[in-house]
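In what follows, a single structure is set out as structure tokens and then discussed.
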Amino acid sequence: MKKTGAAAAGEAKKRRHYIRAGWKDVLQSKTVGHIKRHWMLYLFLLPSLILVGIFSYGSMFGIFIAFQEYELLAGVSGSEFVGLKNFADIFNAKTLGTYRYFRNTIYISLIRIGTNFPIILIYTLLVNEIRRRRIKSLVQTISFLPHFISWAVVGGLAYNLFTVNGGTLNKLLELVGQEPVFWYSEAKYWWGILAVSSLWKGMGWATIMYLSALGSIDGELYDACLIDGGGRFRQAISVTLPGIMNVVVLQLILDMGGIMGDNYDQIISMINNSQSLSETTNVVGILTFSAATGGGNLSQATAFGLIQSAIGLILVLISNRVAKKAGQAGIV
Amino acid sequence: MNAGSRTKKNRKKVRVFDVMNGCLMVLTSLVFLVPFLMVVSASFSDNTALQRDGISLIIKGFTLEGYTFLFNAMKDTFLRSMGISVFVSVLTATGTMMITTFAAFALTRQILPGRKFFNIYYLIPMFFSGGMIPVYLIVRGVGLYNTIWALIIPSMCGMYYILLLRNYIAAVPRTLEEAAELDGANDLQVFWHVIMPVSLPMMFSVWLMSFTAKWNDWASSLLYLGANNQKLWTLQYVIKQMIADMQALFGSTSSGSVSDAPLISAKNAGIVISVIPLIAVCPLVQRFYISGIMAGSVKG
């Protein structure tokens with residue numbers, strides 16, 4: 001729509017007037033009016049703004065020490081700036097075991113996702129097939145239990161299974177005539193043990209998302225399948241699975257985005273201070289954690305962590321993009 | 001005739017499947033439960049029997065020695081850490097619930113000037129964080145290090161909880177708020193009389209979830225407290241040390257003879273006590289959280 005000359009001139013005049021306007025006019029503008037009327041909302045936001053500001057955004061600035069030779073007593077201002085030296089060290093020096101830290105991080109994630117993902121899916125479908133609602137709810141409650149237990153306690157439960165003196169697993173091995181295994185000194189078993197313990201702890205809880213998607217499947221679809229002569233197996237394959245496919249795909253993509261993440265809490269709790277397992281269980285998170293608690297090289301550890309979270313961020317963004325391309329909602 | 005025989009066959013197949021599935025569910029449920037039952041049995045068993053034969057599902061020589069040991073010989077470590085854990089977890093959960101509900105309420109108000117900016121402000125930390133060591137240095141920098149507040153304040157604002165609550169509150173019909181505003185209610189009154197009463201289930205699940213997370217957190221005690229600040233150790237950290245080396249923990253924190261102490265029973269008794277509140281929490285979360293995300297997901 002074309003504006004008439006007079007109207008345009010009037011508008012320009014108004015704008016000029018606005019520019020020339022003093023603080024009084026600013027105070028009468030719409031936004032300021034809103035702020036004045038709804039100042040309480042900022043009070044509602046204030047505590048979280050401060051906490052997030054200090055601990056989340058503040059710590060983002062703390063990344064600066066990855067580019068320093070940081071010393072705790074000297075502080076950020078007193079420590080020497082060394083540029084990319086810490087990163088160069090990580091990628092050059094073999095003594096740091098860089099390769100091993102990243103390899104273990106990625107392998108542990110991949111084995112966990114590869115085993116847990118399909119088993120959880122099958123378990124969800126089977127739970128869904130339980131006919132009595134009461135029993136279904138009971139099974140679910142039991143399966144949720146491990147989710148609420150700390151890894152420290154899971155480490156204690158696992159110790160009862162793995163210990164050489166009277167551990168349950170070795171007693172079972174003895175029953176079938178096998179030699180006992182020294183679980184806490186055999187590094188080769190631990191990728192498997194970590195995957196199984198993740199499954200035990202997370203399986204029940206992970207079904208929630210799928211089951212809530214199952215609830216939204218149209219019941220008429222099942223009836224239609226039944227009329228066509230489909231049994232329960234057929235129904236599970238032809239109705240249930242397609243019905244939750246979007247959630248399955250989304251979950252898989254999210255999992256892939258988290259490959260660079262590691263669960264140092266789980267690993268430290270499970271390995272029970274055993275030094276001989278470091279070959280397969282040393283991950284980036286353990287390196288950072290022990291640097292902070294045991295007086296290690298803080299700058300180096302921060303650089304390690306920064307590489308990890310940068311790659312992690314890229315993976316999450318890529319997988320989010322893929323999810324959107326695949327027609328899913330994505331996470332942002 | 002033909003169709004009849006088919007359904008009969010189907011029905012039989014279905015029954016076989018139900019039985020097999022039932023067996024499988026019992027089996028998996030046992031896999032979830034047995035490790036807990038073993039700990040319970042060990043906590044009531046005689047220590048020398050445990051040393052000799054290892055742990056099993058059957059209680060050997062019933063005794064309360066493990067529990068009495070924790071509450072007498074290890075009173076200073078164990079009982080104290082329980083108190084610390086209750087204080088820290090309740091305060092963290094209550095603080096988190098209030099702070100995140102306030103934030104979520106403000107973010108759902110369409111009228112909030114700068115709403116877009118604030119949404120992004122809370123979103124970024126979900127995807128990128130400075131990492132463990134920068135946070136550790138911040139805790140030192142603001143003077144929380146080696147105080148009980150280091151265990152509480154840094155974990156009082158979870159972005160994920162804000163997201164959950166925001167979706168939940170966004171599903172509340174706008175007409176309710178508008179009606180209150182027509183009656184001249186200000187933001188505080190809208191929150192207090194309209195939003196909060198309907199958000200209570202989700203607020204309660206946020207409380208439960210952050211309580212659980214804090215109760216289970218042992219790493220903060222190690223990170224944010226000085227090496228010898230035993231007075232502030234949380235229960236989980238004590239449990240962690242008990243599992244790793246009960247003898248060393250007992251030797252360093254208590255006086256008394258180590259040789260005849262029921263260390264294995266006591267360790268398992270400690271685990272049982274630390275798990276009790278969580279077993280109480282589990283069905284509550286099932287009830288409130290799951291109905292909460294269902295309600296939130298309808299519109300959010």
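None of the figures in this text is laboratory data; all of them are computed from the coordinates on show. Computed from a prediction, not measured in an experiment: that's the story for all the values here. Cβ sites come from the backbone with ideal geometry, for glycine too, and all protein chains shown count toward neighbours.
Table for the structure above
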item: The protein assembly as shown - mean residue ellipticity at 222 nm from DSSP helices (-39,500 (n - 2.57) per run, n ≥ 4, rounded to 500); result: -23000 deg cm²/dmol
item: A:LEU43 paired with A:GLU179, simple spin-label distance in nm, labels 7 Å along Cα-to-beta-carbon; result: 7.3 nm
item: Straight-distance crosslink candidates among aspartates and glutamates, where the alpha carbon sits under 18 Å from A:LYS325 and sequence neighbours closer than 8 are dropped; result: A:ASP255
item: Straight-distance crosslink candidates among aspartates and glutamates, where the alpha carbon sits under 20 Å from B:LYS231 and sequence neighbours closer than 8 are dropped; result: B:ASP76, B:ASP217, B:ASP245
item: Entries in A:LYS201/B:LYS75; A:LYS171/B:LYS60; B:LYS214/B:LYS267; A:LYS136/A:LYS171; B:LYS75/B:LYS267 that, when Cα-Cα distance is taken, lie over 23 Å; result: A:LYS201/B:LYS75; A:LYS136/A:LYS171
item: Most mobile of A:GLY114, A:GLY53, A:GLY243 in a GNM of chain A (Cα contacts under 10 Å); result: A:GLY53
item: Amide H contacts of A:GLN68 (H built 1.01 Å from N, under 5 Å, at least 5 apart or other chain); result: A:VAL82
item: Acute angle (nearest 10 degrees) that the helix A:241-257 long axis makes with the longest principal axis of chain A, alpha-carbon atoms; result: 80 degrees
item: Calculated from backbone phi, Karplus (6.51, -1.76, 1.60) coupling profile of the stretch A:280-295 in Hz, x at Gly/Pro; result: 10, 10, 6, 10, 4, x, 5, 4, 5, 4, 6, 5, 6, 8, x, x
item: Net charge dipole size for chain B [Lys, Arg +1 and Asp, Glu -1 on Cβ; Debye, nearest 20]; result: 1360 debye
item: Neighbouring partner chain Cβ atoms per residue of B:267-280, average, 10 Å criterion; result: 3
item: For chain A, built as a Gaussian network whose Cα springs stay under 10 Å, the top-fluctuating residue of A:GLU220, A:GLU186, A:GLU69; result: A:GLU220
item: Trypsin sites (Lys or Arg not before Pro) within the stretch A:110-218: DSSP coil, no more than 10 neighbouring Cβ in 10 Å; result: A:ARG131, A:ARG132
item: At least 30 Å along the helix axis (C-alpha) and Kyte average at least 0.5, DSSP helices within chain B; result: B:2-43, B:75-108, B:263-299
item: Mean-position separation - Cα centroids, the stretch A:216-266 and the stretch B:27-51, in angstrom; result: 35 Å
item: Order of B:GLU178, A:GLU129 under a 10 Å beta carbon neighbour criterion, fewest first; result: B:GLU178, A:GLU129
